[in-house]
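Data first, discussion second: the structure below is written as structure tokens.
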Amino acid sequence: EAPLAQAQLKLLRMQINPHFLFNTLNAISTLVHTSPHTADEMITDLGELFRFSLESSNDQEIPLSRELELLRRYLAIEQRRFGQRLEIGQNVDPEILNALVPPLILQPIVENAIRHGIESQAGFGRIAIYARRNGNQVKLSVSDNGKKPFDSSIRENKRQGIGLANTRARLQQLYGKEQSFSIVNGDLGGWTVEIKIPFSTTPITKSIL
């Protein structure tokens with residue numbers, strides 16, 4: 001069962017990269033003619049992000065500090081695109097920066113918040129990223145100020161695509177019943193995606209073969 005689980009995790013990781021690349025290149029293409037200099041800077045940011053991502057391509061888990069650095073590089077691309085329309089806030093407990101998390105676990109959630117919670121609306125957008133330890137768990141959350149609050153009577157997949165579905169599947173594969181993934185109404189007015197995983201500084205497995 002272990003080799004099968006490893007193969008499934010590797011497949012899920014392979015789905016994330018082209019999905020992210022397509023969306024980012026699509027964002028860059030909108031600026032090529034209107035703001036070539038900004039588009040050029042975004043291409044440089046994208047290259048750095050993929051280099052950073054590939055360095056962790058065989059790891060099932062990485063320190064939270066590294067995941068946040070990867071996310072910072074992604075957000076640099078989005079902030080060049082949105083400018084002052086997008087504000088990012090982070091509230092991260094420095095004592096859990098060494099906690100292990102799946103690589104690229106936050107980026108799809110933030111991308112979903114930007115795409116569905118902010119991009120589709122006019123005006124100012126805000127994303128809040130939160131990371132804390134709660135007993136023997138790490139709690140991660142991403143909130144947006146989208147205009148449509150979460151309604152549990154509506155199927156969640158109306159605002160989910162590959163990114164969130166992939167995230168759910170990866171968490172289930174890695175942690176089983178020791179993890180949780182939920183969507184709730186957030187303090188900012190839109191959605192909050194919450195993840196809880198076991199707190200650990202010891203890798204489950206160093207690499208996927």
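The values are calculated or read from the model by the stated rules, or taken from the named source; none is laboratory data. This one's a predicted model, so the numbers in the text were calculated from it and none came from an experiment. Because the Cβ atoms are built from the backbone with ideal geometry, glycine has one as well, and the counts that use them run over all protein chains shown. Heads up: the accessible areas ignore ligands, DNA and RNA and are worked out on the full protein's heavy atoms, side chains in. Shrake-Rupley method; radii C 1.70, N 1.55, O 1.52, S 1.80 Å.
Taking all protein chains together and rolling a 1.4 Å probe, Arg168 ends up with roughly 80 Å² accessible. If only the Cβ of Lys and Arg carry +1 and only the Cβ of Asp and Glu carry -1, the dipole of segment 81-138 around its Cα centre is close to 100 debye. In plain terms, the chain from Arg132 to Phe199 could stretch by 23.1 nm, reckoned as 0.36 nm per residue minus the Cα-Cα distance. Taking amide H as placed 1.01 Å from N in the peptide plane, the amide H of Glu87 sits under 5 Å from that of Gly125, Arg126, Ile127, each at least 5 places away or on another chain.
Counting only protein chains, not ligands or nucleic acids, how are Thr167, Thr34 ordered by accessible area (probe 1.4 Å), most first? Please list the in-between numbers first.
Working: Thr167 0, Thr34 110 Å².
Putting Thr167, Thr34 in descending order of accessible area: Thr34, Thr167.
Think of segment 51-114 as a dipole: +1 on every Lys or Arg Cβ, -1 on every Asp or Glu Cβ, centred on the Cα centre; then among Leu86, Leu64, Ala113, Leu86 lies furthest on the positive end.
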